[in-house]
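The next block holds one structure in the form of structure tokens; read it before the comments.
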Amino acid sequence: MSCKDPDAAMVIYQKLLDRIAQAMETQRFDLYQTYFALPQTIETFGNRRVIADVNELRQIFDTLCAKLDDDGNSSMIRHCISAEFTDGTTIHGSHETRIIGHGVQINASYLAYSVLRLEQGDWRVVSSQYADVADSFVDEVFDHGKS
């Protein structure tokens, strides 16, 4: 795949978003963890957190799944807005997330910017920055269990 092909970057980015969503919906941490490089940096306007190991990633996964269940939400719908190769093994992109429960959007959608890297033959999220989080959903999830 050419690193100059923007369509290929968009396809890779969206496929990874879809795989992450499926792992969350089926509560399959064994799959979820394979989509993230560690350490993993997550930033919002109010916070910055470095996820250093699989135990911390598991805490985030469990918190996210529990929050979605507690709020009566059934899924997170993510849509790639833009993605481009910065080199042959790195993609920078952005996506929008909508939280849907009972067929209705629960809260304001929010934007994220993520860096993906090809590691050991698989694309993984290396870092993410979340913006426009009106109800601090992301901050709430990533702060839970923070030491």
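The values are calculated or read from the model by the stated rules, or taken from the named source; none is laboratory data. These numbers come from a predicted model, not from an experiment. When we count neighbours, we look across all protein chains shown, and the Cβ atoms used for this are built from the backbone with ideal geometry, even at glycine.
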Gly88 fails exactly one of (1) more than 13 Å from the chain's Cα centre (by Cα); (2) closer than 24 Å to Leu111 by Cβ; (3) small (Gly, Ala, Ser), namely (2)
Select, from Thr34, Thr90, Thr26, the only residue that is among the hydroxyl-bearing types (Ser, Thr, Tyr), surrounded by fewer than 16 Cβ atoms within 10 Å (Cβ to Cβ) and modelled with pLDDT of 95 or more.
-> Thr34
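What tally of residues in region 38-49 results from selecting those that are in contact (Cβ under 8 Å) with a residue 40 or more places away in the chain and surrounded by fewer than 18 Cβ atoms within 10 Å (Cβ to Cβ)?
So the first thing to find is which residues in region 38-49 are in contact (Cβ under 8 Å) with a residue 40 or more places away in the chain, and the list is 40-47, 49.
Going one step further and asking which of them are surrounded by fewer than 18 Cβ atoms within 10 Å (Cβ to Cβ), we end up with 41, 45-47, 49.
Summing the residues that are in contact (Cβ under 8 Å) with a residue 40 or more places away in the chain and surrounded by fewer than 18 Cβ atoms within 10 Å (Cβ to Cβ) in region 38-49 gives 5.
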Having 3 or more residues that are among the β-branched types (Val, Ile, Thr) is the bar; report the helices (runs of 4 or more DSSP H) wholly within region 4-95 that clear it.
-> 6-25, 54-70
